[in-house]
1. Quick check on chain B: take the gyration tensor over C-alpha atoms, sort the square-rooted eigenvalues as a ≥ b ≥ c, and tell me if it's rounded (a/c under 1.5), prolate or oblate.
2. Residues of the stretch B:63-80 losing 40 Å² or more of accessible area relative to the isolated chain, 1.4 Å probe, heavy atoms only?
3. List the residues of the stretch A:18-50 that lose 20 Å² or more of accessible area once all protein chains are present, compared with their chain alone (1.4 Å probe, heavy atoms only, no ligands or nucleic acids).
4. Kindly compute the accessible surface that chains A and B hide from a 1.4 Å probe when together, both sides summed, and give it to the nearest 100 Å².
5. 222 nm [θ] for chain A, helices only, -39500 (n - 2.57) per DSSP H run of 4+, per residue, to 500?
6. At 1.4 Å probe size, with the rest of the protein present, what percent of the exposed accessible area of the stretch B:4-135 is carbon and sulfur atoms?
7. Using Cα positions and a limit of under 29 Å, work out the lysines in reach of A:LYS105, with same-chain residues fewer than 8 apart set aside.
8. Over the Cα atoms of the protein assembly as shown, what radius of gyration and what Dmax do you get, in Å?
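The values are calculated or read from the model by the stated rules, or taken from the named source; none is laboratory data. Because the structure is predicted, anything quoted here is derived from the model rather than measured. Cβ coordinates were reconstructed from backbone atoms using ideal geometry, including for glycine residues, and neighbour counts include every protein chain displayed. Each accessible area value is taken on the protein alone, full model and side chains, heavy atoms only, with ligands, DNA and RNA left out. Shrake-Rupley method; radii C 1.70, N 1.55, O 1.52, S 1.80 Å.
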Number of protein chains: 2
Amino acid sequence: MNDVSNSVVFPQGNKMPEPFNKYFIGQAYLDMLVSGDKEFNCPIGNVTFEPGCRNNWHKHPGGQILLVTGGRGWYQEEGKPARELKSGDVVKIPANVKHWHGAAKDSWFVHLSVETNSQAGPAEWLEPVADDVYNKLK
Amino acid sequence: MNDVSNSVVFPQGNKMPEPFNKYFIGQAYLDMLVSGDKEFNCPIGNVTFEPGCRNNWHKHPGGQILLVTGGRGWYQEEGKPARELKSGDVVKIPANVKHWHGAAKDSWFVHLSVETNSQAGPAEWLEPVADDVYNKLK
C-alpha cells in the first residue's frame, strides 16, 4: 500500500471535525492552514484521506481548487468519468458544479483545498457516492 | 547546498517572465497552476527561487498567501524583522502590506503563491531589497 499519510509537506491535522465528518465515507483528516475570514475570502485546508475514503457529492457556490500533494485519488463531476489524481495535479472546480473527491481504494491521498470566492457561501452537501460507482474505479 | 530545485511537488516551470522578472534579483522560475481569471479570482503560481534570489518590495491590493513546499527562505514586512521560512510554513500577507520574499543565500526556495481577492487589482512593485538588509540574514 502506498502510505503517504505522514510524508507530505503540510500537517495532517486532526480527524475531520463535525459537521463535515458526516459527509465522508471512511476517515479524513483536516489541518486548516488559512481560516475562512473576510480578509482573504479564501480558506485553505490540507485534507488527508485514508485509503477508500471519499466525500459525498457536493457543490461550492464560489468554486474550489484542489492542489494534490501526495498519494493517489479520484475526482468526479456529475455526468463525467472519474479523473485519476496524483501528486502535482491541479483541479479547478467551477462554482455550483456537483462533484466528489477522495482516495483510491489502495492508497492514502492528500490535497490542499482552496475555497475560492468564499464570500459566496458554504458548500452544499448532498448524497454519498454510491458503492457501485466507487468500487468500479481502479 | 540544499538543492530542492527539482524535488518538489509542483512543476518548476520556466524562467520568470517579464514584466515580473525585472522585479527580482537573481533568477526565479514560475509555473502558473491557476490563471488570473474572473471565475476563481485566485491566481496560483508555483515560484522557485535560486539561492540568493528575492523579489523587490511590493504590495498586493487583495492580499496574498504563501504556502512553502521546499527549501529555505525569508519573508519580511516593512518595519519588522525577517521571518525564516521552511517547508510546510504558511504566510498570510494582508492587503497593501509592503513586503518581500525570497531564498536564503545558500538554499533554493519554493512556495505556492495564492493571490487572494485578485479582483482588487495587480501587485504594486517597489524598490529592490537593499543588499545590506539581505546580506545580514543568516
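1. oblate
2. B:ILE65, B:LEU67
3. Buried on complex formation: A:LEU33, A:VAL34, A:GLU39, A:PHE40, A:CYS42, A:ILE44.
4. Approximately 2000 Å², summed over both chains.
5. -500 deg cm²/dmol
6. That share works out to 51 percent.
7. Hits, sequence-local ones excluded: A:LYS15, A:LYS22, A:LYS59, A:LYS80, A:LYS86, A:LYS92, A:LYS136, A:LYS138.
8. 19.0, 64
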